[in-house]
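> The structure's right below; bear with me while I get my questions together.
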Amino acid sequence: SVLAVGEKLEAHWADVIRRLPEILFLQRPRYGYDSMQYTKSGAAPSSIRVFCPLQRRVRTVYHGPELKAHDINLSWDARTVLIGGGGFVSRVNIDGQDFKSITTGQSPAELPSGRIIFFDDAPGTSPCKSGAPRRLLFTVDRDGRHRKLVSANLTIDNHPQVTTDGRVVFARWDYGVNKDVFSRHGIWMQNPAGTALDLYFGNTILDPFAFYRPRQIPGRPELVCIFGSHQSNNAGLVGLIWNAAGAEAGDGIGFQRITHDTASIADVSTPQQFQDPYPLNEQLFLVSYAGHQDRPTGIYLLDRYGNRKCIFEPAETNLAAVFPQPLVPRRRPPVMPDRTAGTPGKLDDLSGRLLTDPDWSQRGTLLLQDVYRGLQPEIERGRVAYVAVMEQVPETRGRGGGMGLGAHFYVNRLIGLVPVEEDGSAHFEVPALRSLYFHVLDKDGKMLMTQGSDFHVMPGERRSCIGCHEERTSVQVTPRQDPAPIAAKKRPLRPELPPWGTRGIIEYESVVQPVFDKHCVCCHGGAKPEGRLDLSGDRTTVFNMSYMELVDKGLVHFTPGKGRTYMQLNADYDQQAPLSRGSVLSPLTRYLDDTDHIETRLTTEEKRRIFLWIDSNIPFYGHYDQDSPTVLSEGARATLKEVYDRRCAGCHDKADRPDTPGFLDYYSIHVHTGPRPGQWGITESGMRVRHLNLSHPERSAALQAPLAETADGWGLCGDEGVSPIFQDKTDPDYRQILEALQSGVVRRDEPGVFELLKPGEP
């Protein structure tokens, strides 16, 4: 009968639970927290406790009425409990004695060497939170000395744990290189000293959005972790991941859900879902779980098929028993030698660093064996000429939006070009502890392939890769009979900054606009630009005319945003195909290469400037303190909207409106932001951004297109055979638009990075 089966099942659970070792856990008030911003999380009073399954008893190891704890970890010998909470890393002996705060930080774990790894606030800001600090990995001695930085992410690294081979596995909020913000919460690995950083799994998986709290199953390659939402609590489903089939393998191949209670996308997780999984073996897991807001968060035993049984539950609903783990010694993994050199990584003034980098006092060396491995057959041998070493610069202040209309948050810097040998090899230096990525370029500087995620090297680190975008887990060995790469026989090159006067920073008005001023505006400028393409440096709101014309008209190929916050991508792939984006697909490139089109031929260096701007996803600004020098007042925007709604919307708000959109979404086309460029605070006027010239208002397309040709306008608006919207410049609405643009422009002194650098610097 069903009752008999139920009784047998309960007896089985009881027998399994009795055989469990003592379980260490943290008891504290239950609360929700932001999964990104929890460095100082914790709740008082907190207690470190031990549950004995055999006797069904609980004892307290340490209780602190003012202890604000968030998470705990047990040392290898099971004699010390490491505590994170309230912004501090602390430790206490398992007998409750010798409590001591070690350093600031969160989520500590003991390394095989006895040092402690954790994450902590770092200078700079996380772009996703518009002002909240970055979170990076650090290590420190047990007594708090010799603190060392071991990561260089631009957003957040957290949840570090140690695998059986001695490496560190952790969750990384990686916004990558011009990528989406929602599905980039994968699991990464590196050596304890910060070397050999590599993606383990799941940086572009769309469902689940995020992976949290990874721990390796004893004796197995799989990791158990939380499958969670974009934010909120590090709670969600419990699942397994493994990368034997690749770092982005699909559902059922690279990852498998153990529980199926809730969704694991969007921002829907709550503290009542599964948290803090700990694998006892490949079949059984300890986990914290409530399931309902009216129940306390207790300790559950979970099997691989999703069956669960409550082991311990606090007496009060608002309490949580979290981070359960067996109170037994564990085999200490091997100690990996620290092969870094120089002083421990330090974080200095980021604003000053932006103007002085690259810092070659701390550097690593890279050997690329054959760039064509991973590019063929799309890229034939002999086509690659350079590797562009690129840096994403940490945010110095919260900005709330991107550096342009492409989907990226960061200033982009070209550290320099590295020539590729005829066999596809390259040997070169890169600055340490920087967010780096590569473009693969042809001889003209057009990008053939780009890197989807950034990486760092540690001071003194030497790394090699087999090819461009190799499968990280595959075994690819150069045949013994092959000669050594040509580049390996030479000293490593040091890339040199380009001669832009911006220290390699791709600032549109300093790097790209001068090329258009020299070669293009003679035709594509003024009141009647050829092809109605204005490539002048005249101001629009937030950007300038040439930038908005090229982007809005689809003349440059880039990765756009979508929706009201245009920084959200409509595609997010690390493993992009060669020749799939950028300058090689941009219509503008054809004109730049056409010697009959441009009277004065562009130099190779000038074309490289434009190609690099396109291939770095069209950034505009050059530093994070740079606000829009020219914007429209609220009154001017209100005037424009009133005229637009009355005279223009009848045609231009139709689905097949005369002025067809290019690559931009509705809000990027039509909004005019306030004093700070970004994705919030936008105001809609109806007029398209590129239709309003704020330097020469009379040249604005919003005035020229509806103005009769006899009045020196374009004569574009109005049905065939019907008189133009504006017969001449005395039309009241023409005057109203012109006066709004003339009187409503707010100009401010906003120097770019070019002006901030001292004269004569590269």
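The values are calculated or read from the model by the stated rules, or taken from the named source; none is laboratory data. As the structure is a computational prediction, the values presented were derived from the model and not from experiment. When we count neighbours, we look across all protein chains shown, and the Cβ atoms used for this are built from the backbone with ideal geometry, even at glycine. Protein only, heavy atoms only, side chains kept; ligands, DNA and RNA dropped before computing areas. Shrake-Rupley method; radii C 1.70, N 1.55, O 1.52, S 1.80 Å.
> Return the pair list, or none, for Cβ contacts closer than 7 Å from residues in segment 317-333 that are within 15 Å of Lys68 (Cα to Cα) and outside any loop (DSSP other than H, G, I, E, B) to residues that are open to solvent by 30 Å² or more (accessible area, probe 1.4 Å) and of a type in the set (Lys, Arg), at least 6 apart or on different chains.
Here the result reads Leu319/Arg30; Ala320/Arg30, each pair linking segment 317-333 to a residue that is open to solvent by 30 Å² or more (accessible area, probe 1.4 Å) and of a type in the set (Lys, Arg).
> State whether the residues of segment 1-20 include one that is buried (at least 20 other Cβ atoms within 10 Å of the Cβ) and either touching a Ser or Thr at 6+ places or on another chain (Cβ under 8 Å) or outside any loop (DSSP other than H, G, I, E, B) (or both).
no
> Can you find a residue in segment 86-101 that is of a type in the set (S, T, N, Q) and surrounded by 14 or more Cβ atoms within 10 Å (Cβ to Cβ)?
yes
> Hey, can you tell me all the residues within segment 406-432 that are hydrophobic (A, V, I, L, M, F, W, C) and more than 16 Å from the chain's Cα centre (by Cα)?
Leu414, Ile415, Leu417, Val418, Val420, Ala426, Phe428, Val430, Ala432
> Return only the number of the condition from (1) more than 14 Å from the chain's Cα centre (by Cα); (2) of a type in the set (A, V, I, L, M); (3) open to solvent by less than 20 Å² (accessible area, probe 1.4 Å); (4) closer than 29 Å to Tyr437 by Cα that Ala109 does not satisfy.
All conditions are met except number (4).
> Another question, if that's okay. Farther than 30 Å from Phe88 by Cβ and surrounded by 15 or more Cβ atoms within 10 Å (Cβ to Cβ): is that true of Ile23 in this structure?
Answer is no for this residue.
> State the number of residues belonging to segment 103-116 that are over 13 Å from Thr163 (Cα atoms) and either part of a strand (DSSP E or B) or without any contact (Cβ under 8 Å) to a residue 24 or more places away in the chain (or both).
The qualifying residues number 6.
> Please indicate, with yes or no, whether at least one residue in segment 71-81 is among the polar types (S, T, N, Q), over 17 Å from Ile299 (Cα atoms) and in a loop (DSSP other than H, G, I, E, B).
yes
> Still on this structure, please answer the following. Go through segment 158-252 and tell me which strands (runs of 3 or more DSSP E), entirely inside it, have 1 or more residues that are within 30 Å of Gly42 (Cβ to Cβ) and more than 20 Å from the chain's Cα centre (by Cα).
Result: 168-173, 210-216, 223-228, 236-241.
> Take segment 339-359 and flag every residue that is in a loop (DSSP other than H, G, I, E, B) and modelled with pLDDT under 90.
Arg339, Ala341, Gly342, Thr343, Pro344, Lys346, Leu347, Asp348, Asp349
> Please go through segment 172-191 and give me each residue that is modelled with pLDDT of 95 or more and open to solvent by 20 Å² or more (accessible area, probe 1.4 Å), ordered by number.
Asn191 - this is the single residue of segment 172-191 that is modelled with pLDDT of 95 or more and open to solvent by 20 Å² or more (accessible area, probe 1.4 Å).
> For Gly194, indicate whether it is modelled with pLDDT under 90 and open to solvent by less than 10 Å² (accessible area, probe 1.4 Å).
Against the criterion (modelled with pLDDT under 90 and open to solvent by less than 10 Å² (accessible area, probe 1.4 Å)), Gly194 does not qualify.
> Looking only at residues in segment 638-678 that are open to solvent by less than 10 Å² (accessible area, probe 1.4 Å) and modelled with pLDDT of 80 or more, which one is farthest from the chain's Cα centre (by Cα)?
Residue satisfying both the conditions and the ranking: Val643.
> If you don't mind, there's one more thing I want to ask. Could you list, in sequence order, the residues of segment 39-62 that are open to solvent by 60 Å² or more (accessible area, probe 1.4 Å), modelled with pLDDT of 90 or more and in a loop (DSSP other than H, G, I, E, B)?
Pro45, Leu54, Gln55, Arg56, listed by residue number.
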